[in-house]
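Bear in mind that the values in this text are calculations on the coordinates, not laboratory data. For clarity, every value in this text was computed on a predicted model and none was experimentally measured. When we count neighbours, we look across all protein chains shown, and the Cβ atoms used for this are built from the backbone with ideal geometry, even at glycine.
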Amino acid sequence: MAEKLTTKGKKTRENIMNTAKKLFYERGYTNTGIQDIAEEAGVKLGTMTYYFKKKTDLVGEIYNTYFMGLYNSISETLGQEATLFTKYCFTLICFFDDILKDSKNARFYYEILEKDASRKERLYLIKTFNRSCLDFFNKSYEKDDLDAYAITNYGAQKEIYMDYYDRELPFDAHKVVEYLVRNTFRILAIDKETLDNTIEQAFRFSESGQLSEIRFLI
């Protein structure tokens with residue numbers, strides 16, 4: 001929504017978003033409809049669609065808010081000395097690690113990947129962070145490279161996660177998180193030793209529970 005919301009409008013929008021997250025957590029993405037969210041939130045369907053025209057709009061905002069919430073908190077915690085690459089790697093580890101620790105979050109994420117419900121938002125963030133990492137490591141690239149990297153990265157993450165969830169990969173959760181993150185930076189040709197050290201530090205940070213107040217759904 002482009003227009004500025006009133007205080008009441010902001011509260012209504014927040015109520016809808018919180019209700020959607022609750023229902024997505026309890027019922028999953030597939031079994032939750034726009035009408036369900038409107039009824040649970042106590043608003044008319046027209047009010048619901050005024051703020052979020054489609055269910056995918058809710059998913060896009062949930063994804064963006066969660067991912068950037070992690071990134072911003074990690075940036076603040078690590079301080080100015082941390083590089084963008086380090087902060088991005090830590091965010092990816094915390095993102096996947098947290099989702100896979102909760103079976104309902106894991107199911108919801110599987111469903112939105114299956115239906116490509118957050119594809120646009122994910123591609124945008126992947127492309128943005130990939131560009132920043134390439135610039136940080138002084139790697140040359142063309143604009144078309146960024147599009148190809150983002151699409152390849154998104155597709156690989158989707159297939160790896162879905163295969164793991166469907167029990168087609170012989171990995172535990174820790175291993176699949178590591179594999180998802182390694183794949184991201186392998187596409188960008190990041191030095192292996194640098195990546196190994198950063199991933200190890202990122203897992204320790206994730207396990208410290210410093211970001212426990214930031215939730216994917218509830």
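Of the two radii for the chain, the radius of gyration is 0.98 times the Kirkwood radius, both from the alpha carbons; that is the Rg over Rh value.
Note on LYS44 and THR128: the model spin-label points, each 7 Å out from Cα along the C-beta direction, lie 3.5 nm apart. Centre-to-centre, using Cα atoms only, the stretch 43-69 and the stretch 141-218 are separated by 25 Å. Within the chain, the longest run free of trypsin sites (Lys or Arg not before Pro) that sit in a DSSP loop with at most 11 other Cβ atoms within 10 Å is 55-166.
I'd like the FRET efficiency for GLU114 and PHE171, computed as 1/(1 + (r/R0)^6) with the beta carbon distance as r and R0 of 22 Å, rounded to 0.05. Efficiency, from the Cβ-Cβ distance: 0.70.
Which longest run of the chain has no exposed loop site in it, a site being GluC sites (Glu not before Pro) in a DSSP loop with at most 11 other beta carbons within 10 Å, and the site itself not part of the run?
4-80
Here the calculated FRET efficiency for ASP163 and LYS11, from their Cβ-Cβ distance with R0 = 30 Å, stands at 0.15, rounded to the nearest 0.05.
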